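First comes the structure, then the notes that go with it.
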Amino acid sequence: MLKKTEEMVAEALAAWNWPDKVKSCERYGEGHINDTFCAVMENGTRFILQRINTNTFTDPEGLMDNICRVTAYLRKQIIAAGGNPERETMNVVPTTDGKSYYADTNGGAWRVYTFVEDTVCLQRVENPADFYESAYAFGNFQKQLADYPAATLHEAIARFHDTANRYQNFEKAVAADAAGRAVGVTKEIAFVRARKEDCSRMVNWLAEGKLPLRVTHNDTKLNNILMDKTTRKGICIIDLDTVMPGLAANDYGDSIRFGANDCKEDEKDLTKVNFSLSLFETYTEGFLKAAGDALTDFEKETLPWGARLMTLECGIRFLTDYLDGDHYFRTAYPEHNLDRCHTQFKLVEDMERDWDKMAVIVKKYS
Ligand code: ADP
Ligand code: GN1
Ligand code: MG
């Protein structure tokens, strides 16, 4: 029989040589995929302990290899720029055996990071200045990795932002109707089908050689960055599981999806879900200021598509998971994925309405 989470936490904790007695280890954060815990020592030092979701990330060895190599590379760049690598990038704490992760007796994989103290992790944009700083930090991350040899990284999740493939998986989920929910979401299904052609746009530009493959983060939500508590500068990009080859516009776009609005990702009241052109402009300015000269003209031109397609794709993924019976994203109630899908589709509609204005804004900062 599989052991309970508490037992697995205790087993995992025993794999590290802690600097002091572990006082507590409780669940932490609001991620949808991994299980995150905060381990607190008697002397107050904290660490992040995470169980990697091995249903999602089937090759934890390759994944941790990516993270160790990318953070080692970032560390050198941060030192060269006179920064503090203990705060400005993730630091993996090796197990007592010197490994980057611990494989437990249930088939789970655990890792430990040092805790970056005196930071805030925002679930929503609280003011435009924070959003600007997050844009600058994600743009800078893109730039820092511009010369990293992308082909040496493992593909943590195959075809992760291949929106055309996400569309195919959606159609398969509709056909299988595993949870018997398709009948209740005919409008949402029609919404996706009406945008089938859009799903191929970016992947076609990549295939045609018009867009370069870069090392990207691929999950650039606002809550995947730690901001300094005092200066409110974006200091450390976290959640590096999906760092792999990808498109710059998708990193930009996923941040817009999550942050250029005034609502929660699972807001039920759609009158509260509104795409903000003003926040869009704020992010665009910060991102291009930091990453601009590392991007080609065509990459910059396609940034609005990154925003629109990351939002559409995310909505499609939530809908697909709802149709499948909620196996991928962590949900708190049965309609959770559907609520998330609705916010994304509303934002897509808003972006379609504001499309010309988005292009003008991107041009202004290019
Ligand atoms: P998930 O993949 O589930 O989103 P994350 O790696 O983003 O998991 O971590 C979840 C949360 O834990 C983050 O949103 C952040 O609040 C916190 N966190 C993660 N790593 C650190 C760290 N090194 N220092 C401080 N807080 C962290
Ligand atoms: C997941 O793990 P987390 O919560 O940072 C997901 C992203 C989605 C996001 C939607 C590996 O991110 O792709 O955009 O939820 N991560 C993975 O909130 O699938
Ligand atoms: Mg996260």
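General remarks:
- Helices in the chain, meaning DSSP H runs of at least 4 residues, each add -39500 (n - 2.57). Divided by all residues, the mean residue ellipticity at 222 nm is -14500 deg cm²/dmol.
- For segment 140-214, convex hull of alpha carbons as volume per residue, Å³: 139 Å³
- Whole-angstrom gap from segment 325-355 to segment 80-135, using each part's C-alpha centre: 27 Å
- Comparing Q77, Q144, Q344 in a Gaussian network model of the chain (Cα springs below 10 Å), the most mobile by mean-square fluctuation is Q77.
- Accessible area expressed per residue, the chain, with surrounding protein chains retained (probe 1.4 Å, Å²): 45 Å²
- Element breakdown for the chain at a 1.4 angstrom probe: carbon and sulfur atoms account for 51% of the accessible area.
- Seen from all directions on average, the chain presents a Cα convex hull projection of 18.6 nm².
- Amide H contacts for I52 (H built 1.01 Å from N in the peptide plane; partners 5 or more residues away or on another chain; cut-off under 5 Å): A109, W110, R111.
- Convex hull of Cα atoms in segment 5-117, direction-averaged projection (nm²): 7.4 nm²
- Amide proton proximity set for M244, modelled H, under 5 Å, gap of 5+: T216
- The Cβ shell under 14 Å around Q142 holds other residues with a net charge of -2, Lys and Arg each +1, Asp and Glu each -1.
- For segment 20-33, 3J(HN,Hα) per residue [Karplus equation, 6.51 cos²θ - 1.76 cosθ + 1.60, θ = phi - 60°, Hz, x = Gly/Pro]: 7, 5, 7, 7, 7, 8, 10, 4, 8, x, 10, x, 8, 10
- Summary of packing: across the peptides 46-56, 248-258, the per-residue average of other C-beta atoms within 10 Å ranks them, highest first, as 248-258, 46-56.
- Of K143/K264; K172/K196; K268/K357; K76/K221; K4/K221; K221/K363, those spanning more than 19 Å from alpha-carbon to alpha-carbon: K143/K264; K268/K357; K76/K221; K4/K221; K221/K363
- Extreme residue, positive dipole direction of segment 5-117, given options W16, W110, I78 (C-beta unit charges): I78
- Put simply, the amide H of K23, placed in the peptide plane, has neighbours under 5 Å in V40, M41, E42, leaving out anything fewer than 5 places away on its chain.
- Using the alpha carbons alone, the radius of gyration of segment 261-328 stands to its Kirkwood radius in an Rg to Rh ratio of 1.07.
The values are calculated or read from the model by the stated rules, or taken from the named source; none is laboratory data. Not measured: the values here are computed from a predicted model. Counting neighbours? That spans all protein chains shown, and the Cβs are built from the backbone with ideal geometry, glycine included. Please note that ligands, DNA and RNA were not included when accessible areas were found on the heavy atoms of the full protein model with its side chains. Shrake-Rupley method; radii C 1.70, N 1.55, O 1.52, S 1.80 Å.
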